[in-house]
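A quick write-up on the structure given underneath.
The values are calculated or read from the model by the stated rules, or taken from the named source; none is laboratory data. Values in this document were obtained by computation on a predicted structure and should not be read as measured data. Cβ coordinates were reconstructed from backbone atoms using ideal geometry, including for glycine residues, and neighbour counts include every protein chain displayed.
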Amino acid sequence: CTLNLLSHPFNIDLMPVELGSFDAIIGIDWLAKYQAIIVCAEKIVRIPWGNKTLIIHGDGSNRGNATRLSIISCTKTEKYVKKGFPIFLAHITTKEVEDKSEKKRLEDVPIVRDFPEVYPKDLPGLPPSRPVEFQIDLVPGTAPVAWAPYRLAPSEMKELAEQLKELS
């Protein structure tokens, strides 16, 4: 990809990651490649560019210069392909985060609705929203993995059950 900082193009490899309010996080490899100097006390990054130095201000001011990421055009991409540059295509989407605890009720969960006798009547509700949502998306129609649930043969399992019964 091409990253435009203060109207100067830089090559950079990007990975799509949920970053909140950030457009990109520039890694140490990129900073080393362009010999960038980080001055923590002044909240600036100095990047040598030809015979001058670009100064990126950490407070976002940059004296009126835009440091937004820009997307290159299709024709510019075609030129890079013809020159033999490696090209990567990324389709980046954002997922709308919604507060699920307000909309869902305990009765909306299919397993609770199917087996109400298993769950206590005074169950307070669904767990609170977490900072990281986890879910396993199953592909519809996929068969379960065909593994034996036990590693013992039925006869061995019977013998083990008898031995355990004797011990108790």
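Name the single residue, out of those in the stretch 30-49 being modelled with pLDDT under 85 and surrounded by fewer than 10 Cβ atoms within 10 Å (Cβ to Cβ), that is farthest from the chain's Cα centre (by Cα).
Checking each candidate, the answer is ALA41.
Within the stretch 110-120, can one find any residue that is surrounded by 10 or more Cβ atoms within 10 Å (Cβ to Cβ), at pLDDT 75 or above and out of contact with any helix residue (DSSP H, G or I) (no Cβ under 7 Å at 6 or more places or on another chain)?
Yes, the conditions are met somewhere in the stretch 110-120.
Yes or no: the stretch 82-102 includes at least one residue that is modelled with pLDDT of 75 or more, at negative phi and exposed (fewer than 10 other Cβ atoms within 10 Å of the Cβ).
Yes, the stretch 82-102 contains a residue that is modelled with pLDDT of 75 or more, at negative phi and exposed (fewer than 10 other Cβ atoms within 10 Å of the Cβ).
Taking the stretch 9-29, which residues are of a type outside the set (A, V, I, L, M), out of contact with any Leu (no Cβ under 6 Å at 6 or more places or on another chain) and at pLDDT 75 or above?
Within the stretch 9-29, PRO9, ASN11, ASP13, GLY27, ASP29 meet the criteria.
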